[in-house]
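**Student:** Below you will find the structure I want to go over with you.
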Amino acid sequence: MAQNNIKSLEDDLWESADALREGSKLSSQEYCMPVLGLIYLRYAFTRFKYVEAEILKDRPSRNGVKLPVESSDFKSKSAIFLPENARYDYLLNLPKEKNLGEAVDKAMEAIEKECSDLSGILPKNYQTIFKNDLLKDLLRLFNNDALNEIKDDVIGRIYEYFLNKFAKNIASDDGVFFTPKSLVRMIVNIIQPTHGKILDPACGSGGMFVSSGDFVNANGINASDKLTFFGQEKVEFNAKLCKMNMAVHGLNAKIISGDEANSFYNDYHKLEGKCDYVMANPPFNVNKVKYEAALNAGRLPFGLPGYNEKTKEIGNANYLWISYFYAYLNETGRAGFVMASSATDSQHADRDIRSKLVDTGDVDVILSVGNNFFYTLSLPCTLWFFDKGKKDELKDKVLFIDARNYFTVIDRNLNEWTKWQIKNLSCIVHLYRGETEKYKAVINDYCKYFTEISKIYIDRDMSSVLEICKDENDFTKVNDAIEKEIQNIKNEQKQHEEAFDKKIDEALKTGDKKTANIAKREKKNILQTLEGLITDINEILIVAKDALWLTEKFGSGEWKDIPGLCKIATRKEIAEKNYSLTPGAYVGVAEVQEDDENFEERMKEIHAELNRLQNESNDLMATINANLKDLGLEA
């Protein structure tokens, strides 16, 4: 299924489902789990029909009739058998006099009996949450033929999309249960999981696992064959979302929840030193972690963070997490995780741990992220990456990237990276690692994109320039051609508007209201069509500017430090800066081209920088106050 069709399907399904919610007067919290449960039910039926067809291909017959499929047939194919009352078409066609909510509850119970991994996970109580009519409408909504596709993971995409939408309105007990997808994809793109054990000791709804599976599948490898997923999530609600998420994507994962899943005190899966990859978005700045319990739990290769002698509690657990992530890695393992920005410069025991960590030579990349990347937090954060299998020539080096001013604004409270911005930032890492072929592959991706676009807009002047791009890689020409085309369309708008206004005026002067009204409608339709065309071509222009952003800095693939963006620093340089891992301390400030500077854009950048500095100041003051409190002093 084409990507643009999937996107349209996601939008349509969400708008319809949200409209049904508004009519029901249910809150997002009440609506979230039951709706995700119905998406899982639809997935289970699609998967059942697909496997059933595979089984029936070679099924023996009796009296000319193929033998019916059984539960054991499905187990042999690692799939779930659905009793008749758990099948989506059965529920859709249930007689009106039957209680549909009760039937859905029984369907969920039947699936849990067939799959012990889902026992107690699937949502129930549909008969008390939904009225029959609403539930029927939701079942019809997800009875879309596009959801019959297994290979494209369409339902998995729908589940993730809905989870993302719900996450904007629902926060778990420990913060955001859904890590924004652009952060997850950035982590996956940099650690590049391809095999072995993946651990997320704060797994939330399982986004890290799903994105890893997508990365592997995109490279022509079956994720379930090559990757084993392990997760710990102490919040039960989040763990249920995660297990359904894994099931919908067809991924096998070992997820533990509850008290045993508290990673501060338990390594439930016993994976210290055994993981090929570790990924996480742990809760930041957690305090009151019990010192002795954390000490006994181990996984502290660099010692314990500072703690209060009186209370025997750790004041800030950021470096517990950092130590754990490193300790879990095997001799060639990679880790990528989200961390509070303050952790790159925190002092005392944290600084001592950080110095030992840097001295291992396994710190790989540190990337600063700007404000508003989370749904419920405005503070900036940092992405950390370890690599125990670094090339010898990189052991003495760390790549610093300051991406705080590189993002796309979604709304006034939310920013993200587009897929092209993720590719661009990943290219910086590729060049640092000497992987020039991966950089060139991204350039080819841009060229393929513009070549395909040229076929869609074959009747526009820019088409020939986009087609040439695939040979010349000249994205300056591409930008100029697209900007010229937008201006051409605006000129068309103006000409049409003037012509129609003249026609309308002449008709009104003669009293011909009918002709005037027809002309008004034609004018409105043509201007709207051209406005829509401008919107579409502006989207192409955004991609072209990202292509230009990359090639202006690195040409055909030559590494260089870019002031204000990226720098490779040695361990000696880091030691000279008191083991700070703050990217801004190394990359410096970008040079400003006064002659070419757009005043409005520059003011936006200055405003964003002032907001960032204010947030960092507040974050630092909170840390200072917490440290003073631990010492028995008041700020």
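**Student:** Does Arg21 fit the bill of being touching a helix residue (DSSP H, G or I) at 6+ places or on another chain (Cβ under 7 Å), modelled with pLDDT under 90 and charged (D, E, K, R)?
**Tutor:** On the way: touching a helix residue (DSSP H, G or I) at 6+ places or on another chain (Cβ under 7 Å): yes; modelled with pLDDT under 90: yes; charged (D, E, K, R): yes.
When the stated conditions are applied, Arg21 passes them.
**Student:** Turning to a different aspect of this structure: Write out, first by first residue and then by second, each pair whose Cβ atoms fall under 9 Å of each other, whose residues are 6+ apart or on separate chains, and whose first residue, in the stretch 10-30, is open to solvent by 70 Å² or more (accessible area, probe 1.4 Å) while the second is part of a helix (DSSP H, G or I) and not charged (D, E, K, R).
**Tutor:** That search, which allows pairs on different chains as well, returns Gln29/Phe166; Glu30/Ser24; Glu30/Ile129.
**Student:** Check every one of the helices (runs of 4 or more DSSP H) wholly within the stretch 180-226 and list those with 2 or more residues that are free of Cβ contacts under 8 Å to residues at least 40 places away in the same chain and either in contact with a helix residue (DSSP H, G or I) (Cβ under 6 Å, 6 or more places away or on another chain) or not aromatic (Phe, Trp, Tyr) (or both).
**Tutor:** Numbers: elements: 181-191, 207-218, 223-226.
Of the helices (runs of 4 or more DSSP H) lying wholly inside the stretch 180-226, those with at least 2 residues that are free of Cβ contacts under 8 Å to residues at least 40 places away in the same chain and either in contact with a helix residue (DSSP H, G or I) (Cβ under 6 Å, 6 or more places away or on another chain) or not aromatic (Phe, Trp, Tyr) (or both) span 207-218, 223-226.
**Student:** Which residues, taken from the stretch 398-416, are in contact with a Pro (Cβ under 8 Å, 6 or more places away or on another chain) and under 13 Å from Gly564 (Cα atoms)? Give the derivation first.
**Tutor:** First, the residues of the stretch 398-416 that are in contact with a Pro (Cβ under 8 Å, 6 or more places away or on another chain): 400-402, 404, 416.
Passing the criteria: Phe400, Ile401, Asp402, Arg404.
**Student:** Would you say Lys514 is open to solvent by 70 Å² or more (accessible area, probe 1.4 Å) and in contact (Cβ under 8 Å) with a residue 12 or more places away in the chain?
**Tutor:** Numbers: open to solvent by 70 Å² or more (accessible area, probe 1.4 Å): yes; in contact (Cβ under 8 Å) with a residue 12 or more places away in the chain: no.
Judged against the criteria, Lys514 is not a match.
**Student:** What pairs come out if I take residues in the stretch 244-257 that are over 15 Å from Val51 (Cα atoms) and hydroxyl-bearing (Ser, Thr, Tyr) and pair them with residues that are open to solvent by 30 Å² or more (accessible area, probe 1.4 Å) and in a helix (DSSP H, G or I) whose C-beta lies under 6 Å away, six or more apart or interchain?
**Tutor:** Ser257/Glu236
**Student:** Right, something else. Please tell me if Tyr268 is farther than 29 Å from Thr194 by Cβ and aromatic (Phe, Trp, Tyr). I'd like the intermediate steps shown before the answer.
**Tutor:** Values: farther than 29 Å from Thr194 by Cβ: no; aromatic (Phe, Trp, Tyr): yes.
So Tyr268 does not fit the description; no.
**Student:** Out of the stretch 371-404, which residues are open to solvent by less than 20 Å² (accessible area, probe 1.4 Å), touching a Ser or Thr at 6+ places or on another chain (Cβ under 7 Å) and not in a strand (DSSP E or B)?
**Tutor:** The one that is open to solvent by less than 20 Å² (accessible area, probe 1.4 Å), touching a Ser or Thr at 6+ places or on another chain (Cβ under 7 Å) and not in a strand (DSSP E or B): Pro380.
So that you can scan it fast, the table gives a plain yes or no per residue for (1) under 13 Å from Ala253 (Cβ atoms); (2) open to solvent by 50 Å² or more (accessible area, probe 1.4 Å):
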{"position": "His195", "(1), (2)": "no, yes"}
{"position": "Asp200", "(1), (2)": "yes, no"}
{"position": "Cys203", "(1), (2)": "yes, no"}
{"position": "Gly206", "(1), (2)": "yes, no"}
{"position": "Gly220", "(1), (2)": "no, yes"}
{"position": "Asp225", "(1), (2)": "no, yes"}
{"position": "Thr228", "(1), (2)": "yes, yes"}
{"position": "Gly231", "(1), (2)": "yes, no"}
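**Student:** Being not small (Gly, Ala, Ser) and not in a loop (DSSP other than H, G, I, E, B) is the filter; apply it to the stretch 94-110 and report the residue that is nearest to Leu135 (Cα to Cα). Show your work before the answer.
**Tutor:** Step one: of the stretch 94-110, the residues not small (Gly, Ala, Ser) are 94-100, 102, 104-106, 108-109.
From the residues that got through so far, the ones that are not in a loop (DSSP other than H, G, I, E, B) too are 100, 102, 104-106, 108-109.
Working: Leu100: 7, Glu102: 11, Val104: 9, Asp105: 12, Lys106: 14, Met108: 14, Glu109: 17 Å.
Filtering first and then ranking leaves Leu100.
**Student:** Of the conditions (1) of a type outside the set (Val, Ile, Thr); (2) open to solvent by 50 Å² or more (accessible area, probe 1.4 Å); (3) without any contact (Cβ under 8 Å) to a residue 12 or more places away in the chain, Arg47 fails just one. Which one is it?
**Tutor:** Unmet for Arg47, out of (1) of a type outside the set (Val, Ile, Thr); (2) open to solvent by 50 Å² or more (accessible area, probe 1.4 Å); (3) without any contact (Cβ under 8 Å) to a residue 12 or more places away in the chain: (3).
**Student:** To continue, here is another question. Name the residues in the stretch 344-363 that are in contact (Cβ under 8 Å) with a residue 60 or more places away in the chain and open to solvent by less than 10 Å² (accessible area, probe 1.4 Å), would you?
**Tutor:** Answer for the stretch 344-363, where residues must be in contact (Cβ under 8 Å) with a residue 60 or more places away in the chain and open to solvent by less than 10 Å² (accessible area, probe 1.4 Å): Thr344, Arg354, Val358, Gly361, Val363.
**Student:** If I filter the stretch 53-62 for residues that are at pLDDT below 90, surrounded by 12 or more Cβ atoms within 10 Å (Cβ to Cβ), in a loop (DSSP other than H, G, I, E, B) and touching a strand residue (DSSP E or B) at 6+ places or on another chain (Cβ under 7 Å), do I get at least one hit?
**Tutor:** yes
**Student:** Of the numbered conditions (1) open to solvent by 90 Å² or more (accessible area, probe 1.4 Å); (2) among the β-branched types (Val, Ile, Thr); (3) more than 43 Å from the chain's Cα centre (by Cα), Thr529 satisfies every one except a single condition; which is it?
**Tutor:** It is condition (3) that Thr529 fails.
**Student:** Let me ask something additional. From (1) open to solvent by less than 30 Å² (accessible area, probe 1.4 Å); (2) assigned to a loop (DSSP other than H, G, I, E, B), pick out the condition that doesn't hold for Phe74.
**Tutor:** (2)
**Student:** For the stretch 405-427, check the following and say yes or no: at least one residue is out of contact with any strand residue (DSSP E or B) (no Cβ under 7 Å at 6 or more places or on another chain), in a strand (DSSP E or B) and open to solvent by less than 20 Å² (accessible area, probe 1.4 Å).
**Tutor:** So far as the stretch 405-427 goes, yes, one or more of its residues are out of contact with any strand residue (DSSP E or B) (no Cβ under 7 Å at 6 or more places or on another chain), in a strand (DSSP E or B) and open to solvent by less than 20 Å² (accessible area, probe 1.4 Å).
The values are calculated or read from the model by the stated rules, or taken from the named source; none is laboratory data. Just so it is clear, the structure is predicted and the values come from calculations on it, not from any experiment. Here Cβ is always computed from backbone atoms with ideal geometry, including for glycine, and neighbour counts include all displayed protein chains. In case anyone asks, the SASA skips ligands and DNA or RNA and just uses the protein heavy atoms, side chains included. Shrake-Rupley method; radii C 1.70, N 1.55, O 1.52, S 1.80 Å.
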